[in-house]
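Quick notes on the structure that follows.
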Amino acid sequence: MQRITILGATGSIGASTLDVLARHPERYSVYALSAHARVQELAGQCRRFRPQRAVVGSPEAAAQLAALLHDLPIDIGHGEAALCEIASSPDTDTVMAAIVGAAGLAPTLAAARAGKKVLLANKEALVMSGQLFMDAVREHGATLLPIDSEHNAIFQSLPSHYARDPNAAGVAKVLLTASGGPFLQRTVETLEHVTPEEACKHPNWSMGRKISVDSATMMNKGLEVIEAHWLFGAPADLIEVVIHPQSVIHSMVSYVDGSVLAQLGNPDMRTPIAHALAFPERIASGVAQLDLTQWAALQFHQPDFGRFPCLALAFDALRAGGTAPALLNAANEVAVQAFLDRRIGFRDIDRVVRRTMDASTYGDAASIEAVMAQDALARSAAGCIVDTLARA
Ligand code: NAD
Ligand code: MG
């Protein structure tokens, strides 16, 4: 029996994870679930999956959850320390890291430091602290499996000896596919006034609001380039983004001998979740088999960096190194929230990120404290830029 903790259980990835777990009660039990504010929904999940522990965002939310679950034997906590506890407890084997944004860094790192099997959806945590996080995984013997569909596809397309001896694997390129999001066909000029609702309407995937906006700006792909760099030890020049609007191929690896290996499937996150949960075995995920005869054509083309400046900014941050990716991530989180709150326009998102990067200095990502300090500085700088744009 694998005992699972889900950080961010009420989110899109959290719900898909529970859906897969429910199909295999003989293999998995739920040790702990967390949610930030959606207490009612978490209470329903707790009734169904009977975890020993639940964690929410505030004392008020904890009291509300306790009242809803008064008849169940469950330990209820709140805040970051409690999240770190359920991620590192000796009573859990596997941690699904599915909190969105920088808030997931501390508990995800705690899971790595406790040597857990970490299923990583929370890409922002890795973008912020890449070297430190990968070092923690190695030092503490944790197992890190990617949930992001592209990285899961790359993982599946790499040989098993890759981690031991990457040079012998003969990788020529890591090809990250990108759908291009909902605005792929629109001219840049028409993007100034798109609404959060339009930006969140992804053509192929159903996801949380923050990652949906990131997909529309293609910052999501930029964060994924940085994620691929850390997960697979791939330098920026080895990583190429390919627009593939159908999202049937989830990413590819091309090799020096001319071979290209890819992973295909219907766009449903339950496939990478089931893959990582059962790895190296395979289990049913509830996802229908891919029927390639239903696809008239699969298309591929190069991204236009001018149309998607966030993608270029992410490559810049990766090449700059140190705390630059943490800076990029924090500025983006602030800008996306301001866009979702209708304070700034869609195109202002890349303006906020660029201006924050231009106005800030960054240093070595030598410690988590240094990363968090950069995160705080970038948030305050980006906040000021948002205020200026919102007033204009
Ligand atoms: P979501 O918004 O649907 O869910 C986020 C979860 O995090 C919720 O359970 C919420 O309660 C919790 N949360 C939010 N803010 C928090 C805070 N400050 N402290 C603690 N918990 C908090 O997001 P999602 O779409 O499920 O994405 C989760 C992560 O997975 C993101 O990092 C995203 O980039 C990544 N991811 C998602 C998908 C997808 O298909 N949804 C695909 C690949 C990667
Ligand atoms: Mg992805």
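Just so it is clear, none of the values below were taken in a lab; they were calculated from the coordinates. Predicted model, so just to flag it, every value in this text is computed and none were measured. Neighbour counts run over all protein chains shown; Cβ positions are idealised from the backbone, glycine included.
Key figures for this structure:
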item: Sequence-distant residues sharing a close amide H with Gln263 (under 5 Å, placed H); result: His250, Ser251
item: Signed unit charges on C-beta, dipole axis of region 321-391, positive-most listed residue Gly345, Cys384, Gly322; result: Gly345
item: Amide H partners (placed H, <5 Å) of Val242, local residues excluded; result: Leu176, Thr177, Ala178
item: Vicinal HN-Hα couplings computed from phi for region 24-34 (Karplus, 6.51 cos²θ - 1.76 cosθ + 1.60; Hz; Gly/Pro x); result: 9, x, 7, 9, 10, 10, 9, 8, 8, 10, 10
item: The chain - percent relative contact order, Cα under 8 Å, separation 6 or more; result: 15 percent
item: Charge tally in the Cβ shell below 11 Å around His229, where Lys, Arg are +1 and Asp, Glu are -1, His229 excluded; result: -2
item: Helix-only CD estimate at 222 nm, as mean residue ellipticity for the chain, using -39500 (n - 2.57) per DSSP H run (n ≥ 4); result: -14000 deg cm²/dmol
item: Spacing of the two label points (7 Å from each Cα toward its C-beta) at Asn266 and Gln2, in nm; result: 2.2 nm
item: Selection of GluC sites (Glu not before Pro), region 19-104, meeting DSSP coil and at most 10 other Cβ within 10 Å; result: Glu26
item: Rel. contact order, % - alpha carbon contacts under 8 angstrom, at least six apart, region 8-140; result: 19 percent
item: Within region 87-172, trypsin sites (Lys or Arg not before Pro) in DSSP loop having at most 12 other beta-carbon neighbours inside 10 Å; result: Arg164
item: Sequence-separation-based contact order of region 321-391, relative, with Cα cut under 8 Å and 6+ spacing, percent; result: 48 percent
item: DSSP-defined antiparallel bridges as percent of all bridges, region 2-146, nearest 5; result: 0 percent
item: Reachable aspartates and glutamates from Lys173, criterion Cα separation under 17 angstrom, eight or more residues apart if same chain; result: Glu150, Asp165, Glu224, Glu227, Asp237, Glu240, Asp257
item: Summed side-chain charge close to Val253 - residues other than Val253 whose Cβ falls under 13 Å, Lys, Arg +1, Asp, Glu -1; result: -2
item: Within a Gaussian network of the chain (alpha carbon springs, distance under 10 Å), most fluctuating of Leu191, Leu313, Leu33; result: Leu191
item: 3J(HN,Hα) from dihedral phi, region 335-349, Karplus parametrisation 6.51/-1.76/1.60, rounded to Hz, x for glycine, proline; result: 5, 5, 4, 5, 5, 5, 7, 6, 8, 10, x, 4, 5, 5, 4
item: Computed magnitude of the charge dipole of the chain (debye, nearest 20; Cβ of K, R +1, Cβ of D, E -1); result: 460 debye
item: In sequence order, calculated HN-Hα J values of region 190-200 (Karplus, 6.51, -1.76, 1.60; Hz; x Gly/Pro); result: 7, 8, 4, 10, 5, 8, x, 4, 5, 5, 8
item: Eligible lysines near Lys201 by straight Cα distance, threshold 28 Å, same-chain separation 8 or greater; result: Lys123, Lys210, Lys221
item: Cα lying deepest toward the dipole's positive end in the chain, options Leu264, Ala236, Leu65, charges on Cβ; result: Leu65
item: Fraction of beta bridges assigned by DSSP in region 162-280 that are antiparallel (%, nearest 5); result: 65 percent
item: Sorted peptide list for 247-259, 5-17, criterion being average Cβ within 10 angstrom, highest first; result: 5-17, 247-259
item: Within region 321-391: Cβ-based charge dipole about Cα centre, in debye rounded to nearest 20 (Lys, Arg +1; Asp, Glu -1); result: 380 debye
item: Debye, to nearest 20: dipole size of region 154-294, +1 on Lys, Arg Cβ, -1 on Asp, Glu Cβ; result: 240 debye
item: Dipole of the chain, positive direction: furthest Cα of Thr195, Met252, Tyr28, with charges on the beta-carbon; result: Tyr28
